[in-house]
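Data block below; observations after.
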Amino acid sequence: MAQNPSSSTFVCDTSVIVDGRILELVKKKEISGKIIISQATLSELEHQANQKKELGFAGFNTINELRSLEKTFDIEIEFKGRRPTHSEIDHAKQGEIDSQIRELARELNATLVTGDKVQHEMAVIEEIKTIYLRSHEIPSELGFKRYFTPETMSVHLTENNVPKAKIGKPGAVQLIPINDKKLTTNDVRELATEIVEATERNSSYYLEIDKQGATVIQMGPYRIVITKPPFSDLFEITIVRPIKKFSLEDYKMGDKLKERLKTKAEGIIICGPPGSGKSTFAAALAQFYQQQGKIVKTMESPRDLQVTDEITQYAPLEGSFENTNEIMLLVRPDYSVYDEMRKTLDFVVYADMRLTGIGLVGVVHATKPIDAIQRFIGRVDLGLIPQIIDTIIFIKGGAVDKVLELRFLVRVPTGMVEQDLARPVIEVRDFDSNGLEYEIYKFGEETVVLPLGGEKGAKERKERDIVNTSLMEGKLERALSRIVRNDFTFEVTGNTVKLFLDPRDIGSVLGRGGSNIKKIEKQIGMRIDIAQSDE
């Protein structure tokens, strides 16, 4: 704070009203006399409150408390200045409101009290007396923390309801009441105001999203979501935090998977249902790559991954991860973690970053591993998918439940007969057993995701092939009985029968212009390749 000014008149700008720090100065008797709140500040707070943003209500709360302090402290609250125009309010971020507040301080020969660095510097340039309140470096202790125990994953506070908490670990969570006293609207609002004020005054807290009826704040390990009407029907605060920070060694993974993550996997998708521990695993993987001597960054909104300071966490630049991507391409990390991919743009940005050669770890909500791949279908070209994704890690109950790998080749899809139906096929295989789980390919205008059952399906297909071979023998004997005079043998490979014939029978089976062989193929439903028998 600057030296105590001689003036006994103080003009507060919006920043110290919203974060409530003007109250601290009054209570500590560091300022006394007239405290002026400009009409510009009131208009800005009113605009934010009408937008159902918590910043506006936090400012109102501070002003009301200042009014109550008039009775016991040597202060007098006044409202002065002109009301800004609608255009000036819309351009508040460009400095229109701040300029009006400085002008009011100049006219009254008052001291400007601000927590805004730019506002302070402008006041110094314009030779206006000013007190600058820097952001606290030490996080504040807040009332909601009393609801947390070491085992608490999240706290749910809703008006007209008792406070509840989810306690346990992913896969073993219970929702239990914290106490039997229902929260009033004022109870929830007071907590919301306290949270917003603390965010504004602490440099380590971030207001990630502030929209009409919804506010998202990252407060150290706590991710706080505040909702109110009209967005939600009730005033609600949800506070989530990780209960334990894991390393990759804490997960039961085989050496084969560890080696793949270390040396080969560069297009990784971590998926699982909500609350399964995806982000916790992503943070552990980020730390793993950082410890391997890699440059690692994250892209998050909100920035809630629990990683060390060596890993820089990026938010959407000017509200868009597309802009963040441009900076990321200049920074050129070895690996980047893209948390909470949901929108089409997220998948497009993931593909763009991966194609530039950056190792990527994407986090996606999915109830089954294959769902993570299907989230990309229709959003990026099908042929790009195996180039940008090589490993799918499905997290369930806080553990690695299943791992899939993708391969790309050109062949006839399973179940098709004709060789001229060969096309690009994406094979999705179980990483441990190498069993073929799915095939993905284009059939006309449609994209086919064909389930094949993995290891179990391979066993069933083998048993089915034995039965089919027996049936095929009967079909061939009936089809060739009037044409072939000598013994024949055959092998079935996929959708093709390789028929071994005596040289004297080959011409009869082929027929003029291949007419006979075409009829036989139609009868048995498979392609026939003819070869000369050894005998």
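The values are calculated or read from the model by the stated rules, or taken from the named source; none is laboratory data. This one's a predicted model, so the numbers in the text were calculated from it and none came from an experiment. Virtual Cβ from ideal backbone geometry, glycine too; neighbours counted across all protein chains shown.
Yes/no matrix, rows are residues, columns are (1) among the β-branched types (Val, Ile, Thr); (2) in contact with a helix residue (DSSP H, G or I) (Cβ under 7 Å, 6 or more places away or on another chain); (3) in a helix (DSSP H, G or I):
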| position | (1), (2), (3) |
| --- | --- |
| Thr324 | yes, no, yes |
| Met328 | no, yes, yes |
| Asp339 | no, yes, no |
| Met353 | no, yes, yes |
| Val361 | yes, yes, no |
| Val364 | yes, yes, no |
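Does at least one position in region 187-200 carry a residue that is of a type outside the set (Asp, Glu) and surrounded by fewer than 16 Cβ atoms within 10 Å (Cβ to Cβ)?
Of the residues in region 187-200, the ones of a type outside the set (Asp, Glu) are 188-189, 191-193, 195-196, 198-199.
Adding the requirement that they be surrounded by fewer than 16 Cβ atoms within 10 Å (Cβ to Cβ) leaves none.
There is no residue in region 187-200 that is of a type outside the set (Asp, Glu) and surrounded by fewer than 16 Cβ atoms within 10 Å (Cβ to Cβ).
Results for (1) farther than 19 Å from Glu322 by Cα; (2) loosely packed, with under 15 Cβ neighbours inside 10 Å, shown as yes or no for each residue.
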| site | (1), (2) |
| --- | --- |
| Ala351 | no, no |
| Arg354 | no, no |
| Gly357 | no, yes |
| Pro369 | yes, no |
| Phe376 | no, no |
| Arg379 | no, no |
| Leu382 | yes, no |
| Ile385 | yes, no |
| Ile388 | no, no |
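Residues in region 148-186 that are touching a residue at least 60 places away in the same chain (Cβ under 8 Å) and farther than 18 Å from Ile239 by Cβ: Asn160, Gly171, Ala172.
One residue is enough: does region 177-191 have a residue meeting the conditions modelled with pLDDT under 90 and either part of a strand (DSSP E or B) or of a type in the set (A, V, I, L, M, F, W, C) (or both)? Checked region 177-191: no residue is modelled with pLDDT under 90 and either part of a strand (DSSP E or B) or of a type in the set (A, V, I, L, M, F, W, C) (or both).
Touching a Lys or Arg at 6+ places or on another chain (Cβ under 9 Å), touching a residue at least 12 places away in the same chain (Cβ under 8 Å) and at positive phi, is that true of Asn109?
Numbers: touching a Lys or Arg at 6+ places or on another chain (Cβ under 9 Å): yes; touching a residue at least 12 places away in the same chain (Cβ under 8 Å): yes; at positive phi: yes.
The answer is yes for Asn109.
Could you please find all residues in region 275-311 being of a type in the set (Ser, Thr, Tyr) and either part of a helix (DSSP H, G or I) or at pLDDT 95 or above (or both)? Ser279, Thr280, Tyr289, Thr298, listed by residue number.
Out of all the residues in region 49-68, is one or more buried (at least 17 other Cβ atoms within 10 Å of the Cβ), of a type in the set (Lys, Arg) and not in a loop (DSSP other than H, G, I, E, B)? I'd like the intermediate steps shown before the answer.
Taking region 49-68 and keeping what is buried (at least 17 other Cβ atoms within 10 Å of the Cβ), we get 52-63, 66.
Now restrict to residues that are of a type in the set (Lys, Arg): 52-53.
Those left that are additionally not in a loop (DSSP other than H, G, I, E, B): none.
Checking region 49-68: not a single residue is buried (at least 17 other Cβ atoms within 10 Å of the Cβ), of a type in the set (Lys, Arg) and not in a loop (DSSP other than H, G, I, E, B).
A quick yes/no check of all residues on (1) modelled with pLDDT of 80 or more; (2) exposed (fewer than 13 other Cβ atoms within 10 Å of the Cβ); (3) β-branched (Val, Ile, Thr):
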{"position": "Tyr438", "(1), (2), (3)": "yes, no, no"}
{"position": "Glu455", "(1), (2), (3)": "no, no, no"}
{"position": "Glu460", "(1), (2), (3)": "no, yes, no"}
{"position": "Glu463", "(1), (2), (3)": "no, yes, no"}
{"position": "Asn468", "(1), (2), (3)": "no, no, no"}
{"position": "Leu471", "(1), (2), (3)": "no, yes, no"}
{"position": "Arg482", "(1), (2), (3)": "no, yes, no"}
{"position": "Asn486", "(1), (2), (3)": "yes, yes, no"}
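Residue pairs whose Cβ atoms lie under 6 Å apart, sitting 6 or more positions apart in sequence or on different chains, and linking a residue in region 476-487 that is touching a residue at least 12 places away in the same chain (Cβ under 8 Å) to a partner that is part of a loop (DSSP other than H, G, I, E, B) and surrounded by 12 or more Cβ atoms within 10 Å (Cβ to Cβ), are Asn486/Asp502.
Among the residues of region 488-518, those identified as touching a residue at least 40 places away in the same chain (Cβ under 8 Å) and among the polar types (S, T, N, Q) are Thr489, Asn495, Thr496.
Being among the hydrophobic types (A, V, I, L, M, F, W, C) and at pLDDT 95 or above narrows it down to one of Ile269, Ile327, so name that one. Working first, answer last.
Details: Ile327 fails: at pLDDT 95 or above.
After ruling out the rest, the residue left standing is Ile269.
For region 69-76, does any single residue satisfy the condition of being surrounded by 18 or more Cβ atoms within 10 Å (Cβ to Cβ), modelled with pLDDT under 90, among the hydrophobic types (A, V, I, L, M, F, W, C) and not assigned by TED's automatic domain parsing to the domain that holds Arg189? No, there is no match, as no residue in region 69-76 is surrounded by 18 or more Cβ atoms within 10 Å (Cβ to Cβ), modelled with pLDDT under 90, among the hydrophobic types (A, V, I, L, M, F, W, C) and not assigned by TED's automatic domain parsing to the domain that holds Arg189.
Which of the residues belonging to region 292-325 are under 20 Å from Gly277 (Cβ atoms) and within 16 Å of the chain's Cα centre (by Cα)? Steps first, answer last, please.
Just the residues of region 292-325 that are under 20 Å from Gly277 (Cβ atoms), to begin with: 296, 298-308, 311, 313.
Within region 292-325, Thr298, Met299, Glu300, Ser301, Pro302, Arg303, Asp304, Leu305, Gln306, Val307, Gln313 meet the criteria.
Determine whether region 342-351 contains at least one residue that is out of contact with any helix residue (DSSP H, G or I) (no Cβ under 6 Å at 6 or more places or on another chain) and on the phi > 0 side of the Ramachandran plot. Within region 342-351, not a single residue is out of contact with any helix residue (DSSP H, G or I) (no Cβ under 6 Å at 6 or more places or on another chain) and on the phi > 0 side of the Ramachandran plot.
When each of Ile243, Ile239 is tested for being of a type in the set (Val, Ile, Thr) and in contact with a Leu (Cβ under 9 Å, 6 or more places away or on another chain), the lone residue that passes is Ile239.
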